[in-house]
2 protein chains.
Amino acid sequence: MAKEVTKRSENYSQWYNDLVVKADLAEQSAVRGCMVIKPYGYAIWEKMQHILDEKFKETGAVNAYFPLFIPKSFLSREAEHVEGFAKECAVVTHHRLKKSPDGKGLIADPDAKLEEELIVRPTSETIIWNTYKNWINSWRDLPIMCNQWANVVRWEMRTRLFLRTAEFLWQEGHTAHATADEAMAEAMKMVNVYADFARNYMAMPVIVGHKSPNERFAGALDTLTIEAMMQDGKALQAGTSHFLGQNFAKAFNVQYATKEGSLEYVWATSWGVSTRLMGALIMSHSDDEGLVLPPALAPIQVVMVPIYRKDEEFEAVVAEMEKIGAGLKARGISYKIDKRDTLRPGFKFAEWELKGVPCRIAMGPRDLENGTAELARRDTLTKENVPVEGIEERISALLDEIQANIYKKAYDFREANVRKVDTWEEFQTEIVKGGFLLCHWDGTVETEQAIKDATKATIRCIPIDTYENHEEGKCIYSGKPSKGRVVFAISY
Amino acid sequence: MAKEVTKRSENYSQWYNDLVVKADLAEQSAVRGCMVIKPYGYAIWEKMQHILDEKFKETGAVNAYFPLFIPKSFLSREAEHVEGFAKECAVVTHHRLKKSPDGKGLIADPDAKLEEELIVRPTSETIIWNTYKNWINSWRDLPIMCNQWANVVRWEMRTRLFLRTAEFLWQEGHTAHATADEAMAEAMKMVNVYADFARNYMAMPVIVGHKSPNERFAGALDTLTIEAMMQDGKALQAGTSHFLGQNFAKAFNVQYATKEGSLEYVWATSWGVSTRLMGALIMSHSDDEGLVLPPALAPIQVVMVPIYRKDEEFEAVVAEMEKIGAGLKARGISYKIDKRDTLRPGFKFAEWELKGVPCRIAMGPRDLENGTAELARRDTLTKENVPVEGIEERISALLDEIQANIYKKAYDFREANVRKVDTWEEFQTEIVKGGFLLCHWDGTVETEQAIKDATKATIRCIPIDTYENHEEGKCIYSGKPSKGRVVFAISY
């Protein structure tokens, strides 16, 4: 057998970690909280990047690159932002090492202390708005819509591969607009780009909504989010898009001359998704045999395993597989023929199941004679004998079917785990079972905080497409009037 | 007129800086030595990335991601490496900020001092070989060929946009092999990938060669390089590929079990190119009017400027341009129609010349009547009236011609500035004129150093394709025997 994976029912958290490590996605590095993203994991991230990058560009955004470092004083410019991000961060204090006096190692050279410390960016609003100040003079310079693909650092105390790491990879879009309406429309457009990507490529039935004030980004007037349900019933925030109002424009004094000649502060958005999406992808679909990857993001969509005893058999089978491979390639389907000669087919099957490859073809000498192959699908773990004739079309259709089936399975799971709850007593018993609870809330920070303190549950969002409602009712906690149900859950 | 550019003949260095800033490629940021890569500059870098990434993958390399931070002690493991890289680097000493006692700002929290300082990676050999240790057990695990696209930091005292910045973007490939021969072949293969890219896409006639021991990468047994000649006659090292021997395997104790069962240290290479290529590209081809971009890397290959007085004229011309645009797009040619209504055509012409767009089409109402357009090429600054009929094929061929012409111009310039020099007196007078001097050298570090001290010239490479020679002679400096001419130049 290939590497053993802990069962979900035994230890969900260990199951997740096993998958990440044993499927060769990522591992802990020698640096606390920083991960190594291994080639197989990075190949999935690259697919995500390419698809998202194209979608961003379709909206008119362009890529750029801003500095890794942020002067310490910049963080203090926006009052809420500094509260949110100045706490746990990597602080650069020196620009040189020298030999230690005992000659045995290196020390930070006291003569090379920086006048002002630099912070490794936890997010780039401050340095970018300090730059935009020089790019924006008049209404003709607007809108500006820049995105950057970058690494960021937040000094998390408890880290988990992909879900919460000190360094992670992400993209951050930062846009500047002449009006509040235009900025708000941009924030909404981008959260919908994320929702489409999550649904159509990641096969994750996310829900879109506004964050409650408690859960907003530090410095935002409104935060839009996509929230996904993991298989343990917890929520995972998979992407956010912020309407920042004029906060950063005011903090960095970014004004533009209107057509009429007056000066106005610029309106801002920012939006981002990160390697956390990898965690969401893994936990949405995988099972006790390993990863289940949606075909749209699988680095290898079809794996072919030759069955043989003699070298001539190996060669004949591989020759047939190469023909199939050429047909798949012509259809834009990626494949791999596993020619390793030191491993048994059963071992290979288990390994590719662990790695989540959507389709598997096995063929031996008898299949060659009969013109057949064994075609297995990862999502259902079923297999059938099929004619080799026309197998490429069959696989092409099967990949679509798998993509749809994975989405449906996740969708059905979520629907089975969403419940309306109307009393505080019921809330307390229901929330520990996991899932999303649709509840009335009085709209205050105090109530949300009290519920969180009592149950660890938070408002994941005030839904705006899925579960959107304008139902009047009474807050489950305070009994005060509510204008609609919001989504509560325990979250990652 | 658009923004004025300093003439090359007046002040070459200022000319370069003007181009970078005024053509919107990059600018200095608020952080010392760190640049902002603006969207137009980043679009060129992205094109470089996509082409190189594909070429790397064709060689079997895969992408991965390793941590930004390196534990201080890792740098000391490889004796030469620490000399080369520990000196000027960004040192992270704390992981938290807190409010300063006077309440006016933030300070690094003394309670959050790291036990071991972290260095922002200047290059990743150490952290990667520490990781490879866990990936490599037997010959079956080899070769490993990983590349990463990443940011790195080297605390340069004097910085210049793209050419020398504290933070820069690059790719670094790190490969692990069972034998010295295989590793050396990999290093050679990759320097040739760089040479092909430089010649065929950047239109830069680079020369390939070995570095002299003095100029090798810190920790390498052999460094291969591509060297380009800039228009001021200076050399620019545009990419390097290193044969690292077993130095890093020994420093991080990376051994593998051979087929025969013995344990051997692994053989390594590393290879990289950076955003410095942007500087090389700019300085190879541009002129006093602005950038000259090779069509293969130009974000916009064709710009169309409508000439009009009345709105109806504008609409008719733009409609025709959109037809041409569709034809260009179908041929994979990128284009932009400059519809800005607040700028005169002459201003637009100057702006797109400054930005190096290879082809320009201008059309007015009379052209519409005649079925003609004015087609201008950036490299020669010539223009002609051509029929609109078939203009797409004409442009497609013209772009190829421009690409070839730019290369040829740079090639001819280099050939006109390469000279054989045989005496020390002649060397001293010739070197100040710029260009590459092909000279005999006795092969010693001392002689190279003495020549550098006297003239600032260094050995750019011991050439292996262009100018390869095995001519015997006498060292220009020491008079001792030499086995071949090497390339001396003043370099960036």
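Only one of (1) open to solvent by 70 Å² or more (accessible area, probe 1.4 Å); (2) under 28 Å from A:Gly434 (Cβ atoms) is not met by A:Asp400, so which one is it?
With respect to (1) open to solvent by 70 Å² or more (accessible area, probe 1.4 Å); (2) under 28 Å from A:Gly434 (Cβ atoms), A:Asp400 is out only on (2).
If we scan the stretch B:101-110, do we find a residue that is in contact with a Cys (Cβ under 9 Å, 6 or more places away or on another chain) and at the interface with chain A (Cβ under 7 Å from one of its Cβ atoms)? Spell out the reasoning first.
Taking the stretch B:101-110 and keeping what is in contact with a Cys (Cβ under 9 Å, 6 or more places away or on another chain), we get none.
No, the stretch B:101-110 contains no residue that is in contact with a Cys (Cβ under 9 Å, 6 or more places away or on another chain) and at the interface with chain A (Cβ under 7 Å from one of its Cβ atoms).
Can A:Glu78 be described as of a type in the set (D, E, K, R) and in contact with a helix residue (DSSP H, G or I) (Cβ under 6 Å, 6 or more places away or on another chain)?
Numbers: of a type in the set (D, E, K, R): yes; in contact with a helix residue (DSSP H, G or I) (Cβ under 6 Å, 6 or more places away or on another chain): yes.
Yes.
Give just the number: which of (1) within 11 Å of another protein chain (Cβ to nearest Cβ); (2) out of contact with any His (no Cβ under 9 Å at 6 or more places or on another chain); (3) farther than 30 Å from A:Thr175 by Cβ; (4) buried (at least 21 other Cβ atoms within 10 Å of the Cβ) does B:Ser76 not satisfy?
(4)
Given B:Ile107, B:Ile51, B:Ile44, which one is touching a helix residue (DSSP H, G or I) at 6+ places or on another chain (Cβ under 9 Å), β-branched (Val, Ile, Thr) and under 20 Å from A:Phe66 (Cβ atoms)? Break it down stepwise before answering.
On the way: B:Ile107 fails: under 20 Å from A:Phe66 (Cβ atoms); B:Ile51 fails: under 20 Å from A:Phe66 (Cβ atoms).
Exactly one of B:Ile107, B:Ile51, B:Ile44 is touching a helix residue (DSSP H, G or I) at 6+ places or on another chain (Cβ under 9 Å), β-branched (Val, Ile, Thr) and under 20 Å from A:Phe66 (Cβ atoms), namely B:Ile44.
Would you be able to tell me the number of residues in the stretch B:116-145 that are surrounded by fewer than 16 Cβ atoms within 10 Å (Cβ to Cβ), of a type outside the set (Lys, Arg) and at the interface with chain A (Cβ under 8 Å from one of its Cβ atoms)?
Number satisfying all stated conditions: 1.
Can you pull out the residues in the stretch A:305-330 that are farther than 12 Å from A:Asp367 by Cα and of a type outside the set (A, V, I, L, M, F, W, C)?
Within the stretch A:305-330, A:Arg309, A:Lys310, A:Asp311, A:Glu312, A:Glu315, A:Glu322, A:Lys323, A:Gly325, A:Gly327, A:Lys329 qualify.
Kindly provide the set of residues from the stretch B:87-115 that are open to solvent by 70 Å² or more (accessible area, probe 1.4 Å) and within 34 Å of the chain's Cα centre (by Cα), ordered by number.
So in the stretch B:87-115, the residues open to solvent by 70 Å² or more (accessible area, probe 1.4 Å) come out as B:87, B:98-99, B:101-102, B:104, B:110-111, B:113, B:115.
Within the stretch B:87-115, B:Lys87 is the sole residue that qualifies.
Which of the strands (runs of 3 or more DSSP E) contained wholly in the stretch B:223-323 include at least 3 residues that are open to solvent by less than 10 Å² (accessible area, probe 1.4 Å) and of a type in the set (A, V, I, L, M, F, W, C)?
In the stretch B:223-323, the matching strands (runs of 3 or more DSSP E) lie at B:235-245, B:267-274, B:302-306.
Do you know which of the residues in the stretch B:46-68 that are part of a helix (DSSP H, G or I) and open to solvent by 30 Å² or more (accessible area, probe 1.4 Å) is nearest to B:Val91 (Cα to Cα)? Quick ask: steps written out before the conclusion?
As a first pass, look at the stretch B:46-68 and keep what is part of a helix (DSSP H, G or I): B:46-58.
Right, trim to open to solvent by 30 Å² or more (accessible area, probe 1.4 Å) and you get B:47, B:49-51, B:54-55, B:57-58.
Numbers: B:Lys47: 32, B:Gln49: 29, B:His50: 32, B:Ile51: 34, B:Glu54: 34, B:Lys55: 35, B:Lys57: 34, B:Glu58: 37 Å.
It comes out as B:Gln49.
Could you count how many residues in the stretch A:315-344 are in contact (Cβ under 8 Å) with a residue 40 or more places away in the chain and among the basic types (Lys, Arg)?
1
Of A:Arg160, A:Arg154, which residue is surrounded by fewer than 19 Cβ atoms within 10 Å (Cβ to Cβ), within 19 Å of the chain's Cα centre (by Cα), in contact (Cβ under 8 Å) with a residue 24 or more places away in the chain and under 30 Å from B:Val152 (Cβ atoms)?
Numbers: A:Arg154 fails: surrounded by fewer than 19 Cβ atoms within 10 Å (Cβ to Cβ).
Answer to the selection: A:Arg160.
I need the full set of residues from the stretch B:9-45 which are free of Cβ contacts under 8 Å to residues at least 60 places away in the same chain, open to solvent by less than 50 Å² (accessible area, probe 1.4 Å) and either part of a helix (DSSP H, G or I) or of a type in the set (D, E, K, R) (or both), in order please.
Answer for the stretch B:9-45, where residues must be free of Cβ contacts under 8 Å to residues at least 60 places away in the same chain, open to solvent by less than 50 Å² (accessible area, probe 1.4 Å) and either part of a helix (DSSP H, G or I) or of a type in the set (D, E, K, R) (or both): B:Asp18, B:Lys38, B:Pro39, B:Tyr42.
Which is over 24 Å from B:Gly279 (Cα atoms), in contact (Cβ under 8 Å) with a residue 24 or more places away in the chain and not hydroxyl-bearing (Ser, Thr, Tyr), of B:Ala489, B:Ala457, B:Ala410, B:Ala450? Outline the logic, then answer.
Numbers: B:Ala489 fails: over 24 Å from B:Gly279 (Cα atoms); B:Ala457 fails: over 24 Å from B:Gly279 (Cα atoms); B:Ala410 fails: over 24 Å from B:Gly279 (Cα atoms).
B:Ala450 is the lone residue from the list that is over 24 Å from B:Gly279 (Cα atoms), in contact (Cβ under 8 Å) with a residue 24 or more places away in the chain and not hydroxyl-bearing (Ser, Thr, Tyr).
Does the stretch B:23-40 contain at least one residue that is away from chain A (no Cβ under 14 Å) and either more than 19 Å from the chain's Cα centre (by Cα) or of a type in the set (A, V, I, L, M, F, W, C) (or both)? Full working, then the answer.
Initial filter on the stretch B:23-40 (away from chain A (no Cβ under 14 Å)): B:23.
When the remaining residues are screened for being either more than 19 Å from the chain's Cα centre (by Cα) or of a type in the set (A, V, I, L, M, F, W, C) (or both), the result is B:23.
Within the stretch B:23-40, one or more residues are away from chain A (no Cβ under 14 Å) and either more than 19 Å from the chain's Cα centre (by Cα) or of a type in the set (A, V, I, L, M, F, W, C) (or both).
Looking for something among the hydroxyl-bearing types (Ser, Thr, Tyr), out of contact with any Pro (no Cβ under 8 Å at 6 or more places or on another chain), assigned to a loop (DSSP other than H, G, I, E, B) and touching a residue at least 60 places away in the same chain (Cβ under 8 Å) - is there at least one such residue anywhere in the stretch A:203-214? Spell out how you get there, then give the answer.
Narrowing the stretch A:203-214 to residues among the hydroxyl-bearing types (Ser, Thr, Tyr): A:212.
Now narrow it down to the ones that are out of contact with any Pro (no Cβ under 8 Å at 6 or more places or on another chain): A:212.
From what's left, assigned to a loop (DSSP other than H, G, I, E, B): A:212.
If we keep only those that are touching a residue at least 60 places away in the same chain (Cβ under 8 Å) as well, we get A:212.
Scanning the stretch A:203-214 turns up at least one residue that is among the hydroxyl-bearing types (Ser, Thr, Tyr), out of contact with any Pro (no Cβ under 8 Å at 6 or more places or on another chain), assigned to a loop (DSSP other than H, G, I, E, B) and touching a residue at least 60 places away in the same chain (Cβ under 8 Å).
Within the stretch B:46-55, take every residue that is more than 11 Å from every other protein chain (Cβ to nearest Cβ) and touching a residue at least 60 places away in the same chain (Cβ under 8 Å) and give me the one that is farthest from the chain's Cα centre (by Cα). Outline the logic, then answer.
Step one: list which residues in the stretch B:46-55 are more than 11 Å from every other protein chain (Cβ to nearest Cβ), which gives B:47-48, B:51-52, B:54-55.
Restricting the remaining residues to those that are touching a residue at least 60 places away in the same chain (Cβ under 8 Å) gives B:47-48, B:51-52, B:55.
Numbers: B:Lys47: 12, B:Met48: 9, B:Ile51: 13, B:Leu52: 11, B:Lys55: 16 Å.
Out of the qualifying residues, it is B:Lys55.
Quick one: which of B:Thr380, B:Thr458 is hydroxyl-bearing (Ser, Thr, Tyr), open to solvent by 10 Å² or more (accessible area, probe 1.4 Å) and within 27 Å of B:Lys234 (Cα to Cα)? Spell out how you get there, then give the answer.
Details: B:Thr458 fails: open to solvent by 10 Å² or more (accessible area, probe 1.4 Å).
Residue meeting the stated conditions: B:Thr380.
Inspect all residues belonging to the stretch A:56-72 and state whether any of them is over 28 Å from the mean Cα position of the chain (by Cα), of a type in the set (S, T, N, Q) and within 11 Å of chain B (Cβ to nearest Cβ).
No, because not a single residue in the stretch A:56-72 is over 28 Å from the mean Cα position of the chain (by Cα), of a type in the set (S, T, N, Q) and within 11 Å of chain B (Cβ to nearest Cβ).
Give me a count of the residues in the stretch A:421-440 that are farther than 14 Å from A:Cys475 by Cβ, of a type outside the set (Phe, Trp, Tyr) and touching a residue at least 40 places away in the same chain (Cβ under 8 Å).
Adding up the residues that qualify gives 4.
Please state which one of A:Glu260, A:Glu289 is free of Cβ contacts under 8 Å to residues at least 60 places away in the same chain and acidic (Asp, Glu). Can you show your working first?
Numbers: A:Glu289 fails: free of Cβ contacts under 8 Å to residues at least 60 places away in the same chain.
The match here is A:Glu260.
Every residue, every condition in (1) closer than 30 Å to A:Pro295 by Cα; (2) basic (Lys, Arg); (3) open to solvent by less than 10 Å² (accessible area, probe 1.4 Å), yes or no:
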{"position": "A:Tyr411", "(1), (2), (3)": "yes, no, no"}
{"position": "A:Glu430", "(1), (2), (3)": "no, no, no"}
{"position": "A:Leu437", "(1), (2), (3)": "no, no, yes"}
{"position": "A:Thr444", "(1), (2), (3)": "no, no, no"}
{"position": "A:Val486", "(1), (2), (3)": "no, no, yes"}
{"position": "A:Ser491", "(1), (2), (3)": "yes, no, no"}
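Applying the selection to the stretch A:147-179, what residues are part of a loop (DSSP other than H, G, I, E, B) and facing another protein chain (nearest Cβ under 9 Å)?
Taking the stretch A:147-179 first, the residues part of a loop (DSSP other than H, G, I, E, B) are A:154-159, A:161-163, A:165-166, A:178-179.
Within the stretch A:147-179, A:Trp155, A:Ala166 qualify.
Give, as residue ranges, the strands (runs of 3 or more DSSP E) completely inside the stretch B:361-467 that count at least 3 residues that are among the hydrophobic types (A, V, I, L, M, F, W, C) and at pLDDT 95 or above. Reasoning before the result, please.
On the way: elements: B:372-377, B:382-387, B:418-420, B:436-440, B:458-463.
It comes to B:372-377, B:436-440, B:458-463.
Please go through the stretch A:324-345 and give me each residue that is open to solvent by 50 Å² or more (accessible area, probe 1.4 Å) and away from every other protein chain (no Cβ under 14 Å), ordered by number.
The answer is A:Ala326, A:Lys329, A:Ala330, A:Arg331, A:Gly332, A:Tyr335, A:Arg344.
Among the numbered criteria (1) more than 18 Å from the chain's Cα centre (by Cα); (2) modelled with pLDDT of 95 or more, which one does A:Ser76 miss?
(2)
Can you name the number of the only condition in (1) part of a helix (DSSP H, G or I); (2) closer than 18 Å to A:Met202 by Cα that A:Val357 fails?
Just one mismatch for A:Val357, condition (1).
The values are calculated or read from the model by the stated rules, or taken from the named source; none is laboratory data. In this text, all values refer to a predicted model and were calculated from it rather than measured experimentally. So basically every Cβ, Gly included, is an ideal-geometry build from the backbone, and we count neighbours across all protein chains shown. Areas reflect the complete protein model, heavy atoms only, side chains present, ligands, DNA and RNA absent. Shrake-Rupley method; radii C 1.70, N 1.55, O 1.52, S 1.80 Å.
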